[in-house]
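Each value in this text was obtained by applying a stated rule to the coordinates, not by laboratory testing. These numbers come from a predicted model, not from an experiment. Cβ placement follows ideal geometry from the backbone for every residue including glycine, while neighbour counts extend to all protein chains displayed.
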Amino acid sequence: MISKMRKAIFISAVIAFAITLSAMTVSASDSGVTLSAPTTGTITFSGSSASLTMTVAGPLTGVALSGTGAFAGATSFTLSGSPLAFTGVSGSPGDFTSSGTLSFALNSGSLFTGTLSNITLTTLTHEPNMVILSGSLGAGGQVTLIIDVDTPLSGIMGTEFGTLSAGEAFNTVTPEPGTMLLFGSGLLLVAGVLRRKLIA
């Protein structure tokens, strides 16, 4: 009799725990922010269309607006770390890839700080004086900056200054509730089987 009561209590606890875990919804936390022209720092490109070096002096700081999610409340951003060595993409003049990294921060790092990797420079075909710098910001995030240059990077032969005109940053984090949902569903199934055995 005591053994059956213990089983009943154990199964009830398992069912309650499973229902609690299963009730958790699968969700993602999206954070984004709009970046505007910098207030300090400069961007310089040097080299050739085959081998390019980008130097960020300053560091580059600017205004952050319209933040959402974890980036809400952002008022400034900082881009630092250099120089970066870029290699021209074969068959795509003005496009470059780099194995280096840059540091990105919001509100001097007090709100967010992270590392940019997989950095590329892409020249817009219809706007050759406009280059898009893009980098991966951990956990699926991305930072994109629009840089204006006087001379297209596809024809650079010396030194060229870049001016940051706009940009954006976003980060998407998928939390644990997705795993909890699967685990909870499995516990419900186990609890159901145990309950049938106890009744039998």
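Output wanted: per-residue J couplings in Hz (rounded whole) for the stretch 141-158, from phi through Karplus 6.51 cos²θ - 1.76 cosθ + 1.60, θ = phi - 60°, x for Gly and Pro.
x, 8, 10, 10, 10, 9, 10, 9, 10, 6, 10, x, 5, 5, x, 5, 10, x
Quick one: net charge around Ile146, please, counting Lys, Arg +1 and Asp, Glu -1 for every other residue with C-beta under 11 Å from its C-beta. Display every interim value, and only then the final one.
Numbers: positive: none; negative: Glu127, Asp148, Glu168.
My count for the surroundings of Ile146 gives -3.
Once you keep just the Cα pairs under 8 angstrom separated by 6 or more residues, what percentage relative contact order results for the stretch 29-172?
Computed value for the stretch 29-172: 26 percent relative contact order.
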